[in-house]
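Chemist: One structure, pasted below without further comment.
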Amino acid sequence: MTSTHRTWLTPEAHDRLRAELADLLTPPTATDDEHGTRHQRIREIRDLLNNAVVGEAPADDGIAEPGMVLTVRYDDTGETETFLLGVRHAEHGDLEVYSPDSPLGRALTGTRKGDQCEYQVPNGSTVKITLVDAVPYRQPTPQD
């Protein structure tokens, strides 16, 4: 089954995934006993790359969507967290990454600054959050 939605990737994440795919496509060694896992990862990477939007920043419209850096407030504690809504298979420096397909990502996608929503965590409890800010991801520069 392949994905029908677009996946936002930085150019660096795209390059890392292409390199991983190239490595996975080399003939496996005799000790490679994870043949099924290898093929599964190849399919995952191909799906990501085939549906990738590379380096195009989303509109600076304050709407939570892949490629945006989101700041949320956990309503029960008042604590805030800032993270990138994007592909977890890629590194984005010190910025935490949450997938749009995660419970948190699904709850936030499409919300605007000030919107409140909730999502369920693995233990079954519900977490209420408020979107504080949503800005397009900016590539770090050597000066950062």
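The values are calculated or read from the model by the stated rules, or taken from the named source; none is laboratory data. Only a predicted model underlies this, so the values are computations on that prediction, with no experimental measurement involved. Because the Cβ atoms are built from the backbone with ideal geometry, glycine has one as well, and the counts that use them run over all protein chains shown. Quick note on the areas: whole protein, heavy atoms, side chains included, nothing else; ligands and nucleic acids left out. Shrake-Rupley method; radii C 1.70, N 1.55, O 1.52, S 1.80 Å.
Chemist: Is it true that V97 is among the aliphatic types (A, V, I, L, M), open to solvent by 30 Å² or more (accessible area, probe 1.4 Å) and within 14 Å of T7 (Cβ to Cβ)?
Modeler: For V97, the condition - among the aliphatic types (A, V, I, L, M), open to solvent by 30 Å² or more (accessible area, probe 1.4 Å) and within 14 Å of T7 (Cβ to Cβ) - is not met.
Chemist: Also, quick follow-up: Has the range 1-8 got at least one residue that is modelled with pLDDT of 90 or more, of a type in the set (A, V, I, L, M, F, W, C) and surrounded by 13 or more Cβ atoms within 10 Å (Cβ to Cβ)?
Modeler: First, the residues of the range 1-8 that are modelled with pLDDT of 90 or more: none.
For the range 1-8, residues modelled with pLDDT of 90 or more, of a type in the set (A, V, I, L, M, F, W, C) and surrounded by 13 or more Cβ atoms within 10 Å (Cβ to Cβ): absent.
Chemist: Oh, and also: Regarding the range 19-28, can at least one residue be identified that is touching a Gly at 6+ places or on another chain (Cβ under 6 Å), surrounded by fewer than 16 Cβ atoms within 10 Å (Cβ to Cβ) and either over 25 Å from Y119 (Cβ atoms) or modelled with pLDDT of 80 or more (or both)?
Modeler: No, the range 19-28 contains no residue that is touching a Gly at 6+ places or on another chain (Cβ under 6 Å), surrounded by fewer than 16 Cβ atoms within 10 Å (Cβ to Cβ) and either over 25 Å from Y119 (Cβ atoms) or modelled with pLDDT of 80 or more (or both).
Chemist: Please state which one of Q116, Q143 is at pLDDT below 85 and either among the polar types (S, T, N, Q) or farther than 24 Å from D15 by Cα (or both).
Modeler: Criteria check complete, one pass: Q143.
Chemist: Which of the residues spanning the range 40-74 are at pLDDT 90 or above, open to solvent by less than 30 Å² (accessible area, probe 1.4 Å) and in a loop (DSSP other than H, G, I, E, B)?
Modeler: G62, A64 - these are the residues of the range 40-74 that are at pLDDT 90 or above, open to solvent by less than 30 Å² (accessible area, probe 1.4 Å) and in a loop (DSSP other than H, G, I, E, B).
Chemist: Quick one: T77 ticks every box in (1) among the β-branched types (V, I, T); (2) surrounded by fewer than 16 Cβ atoms within 10 Å (Cβ to Cβ); (3) not in a loop (DSSP other than H, G, I, E, B) bar one, so which box is it?
Modeler: T77 satisfies all of (1) among the β-branched types (V, I, T); (2) surrounded by fewer than 16 Cβ atoms within 10 Å (Cβ to Cβ); (3) not in a loop (DSSP other than H, G, I, E, B) except (3).
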